[in-house]
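Participant: Have a look at this one.
Quick note: the coordinates plus some simple rules give every number you see, no bench work behind them. Since the model is a prediction, treat every value here as computed from it, not as a measurement. Note that each Cβ is placed from the backbone with ideal geometry, even for glycine, and that neighbours are counted across all protein chains shown.
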Amino acid sequence: MNKDRVEGKGKDIAGRAERQAGEWTGDSGAQAKGTAKQAEGKVQNAWGKAKDAVNKSNDNANANEPGEEALEADDEESPPRRRAS
């Protein structure tokens, strides 16, 4: 979990609390401010999830690539080839 997800979730929760407090007190300004903060948090959390998905995809792709030890050469003139697994 990255920084954007944590901060986004925090803003979402804080915005919900602010919006709810605005509803209880009848303060439409606090409601609007809380709703905006909540939306900002949701967007930041979604951005963090997207970044995590890309990083996970990259990690999985890198894990499936063979290392140098998996390459062999028949002789100096031919390029390395993969060993049969």
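Participant: What is the extension gain from THR35 to ALA14, computed as 0.36 nm multiplied by their sequence separation minus the C-alpha to C-alpha distance, in nm to one decimal? Working shown, then result.
Facilitator: Values: separation 21, 0.36 × 21 = 7.56 nm, distance 0.97 nm.
Contour length minus the Cα-Cα distance gives 6.6 nm.
Participant: Kindly write out, for the stretch 9-18 in residue order, the coupling ³J(HN,Hα) from the Karplus curve 6.51 cos²θ - 1.76 cosθ + 1.60 (θ = phi - 60°), rounded to whole Hz, with x marking Gly and Pro.
Facilitator: Going residue by residue, I get 5, x, 5, 4, 5, 4, x, 4, 4, 5 Hz, with x marking Gly and Pro.
Participant: Now for a separate question. Quick one: net charge of GLY26's neighbours, Cβ under 15 Å, K/R +1, D/E -1? Working shown, then result.
Facilitator: Working: positive: ARG19, LYS33; negative: GLU18, GLU23, ASP27.
Once positives and negatives cancel, what remains is -1.
Participant: Using per-residue counts of other Cβ atoms within 10 Å, averaged over each peptide, order 1-10, 37-46, 55-64, 22-31 from highest down.
Facilitator: Highest-to-lowest ranking by the protection proxy: 37-46, 1-10, 22-31, 55-64.
Participant: Still on this structure, I have one more. Below 8 Å, C-alpha to C-alpha, sequence gap of six or more: please give me the relative contact order for the stretch 3-63 in percent. Write out the running numbers ahead of the final one.
Facilitator: Numbers: 74 pairs, mean separation 25.4, N = 61.
Reported as a whole number, the value is 42 percent.
Participant: Label 7 Å along Cα→Cβ of ASN55; the stretch 1-19 residues with amide nitrogen under 19 Å?
Facilitator: Counting only backbone N, you get 1-11.
Participant: With r defined as the distance between the Cβ atoms of ALA63 and THR25 and R0 fixed at 41 Å, what FRET efficiency is calculated, to the nearest 0.05?
Facilitator: Numbers: r = 53 Å, r/R0 = 1.29.
Computed FRET efficiency for ALA63 and THR25: 0.20.
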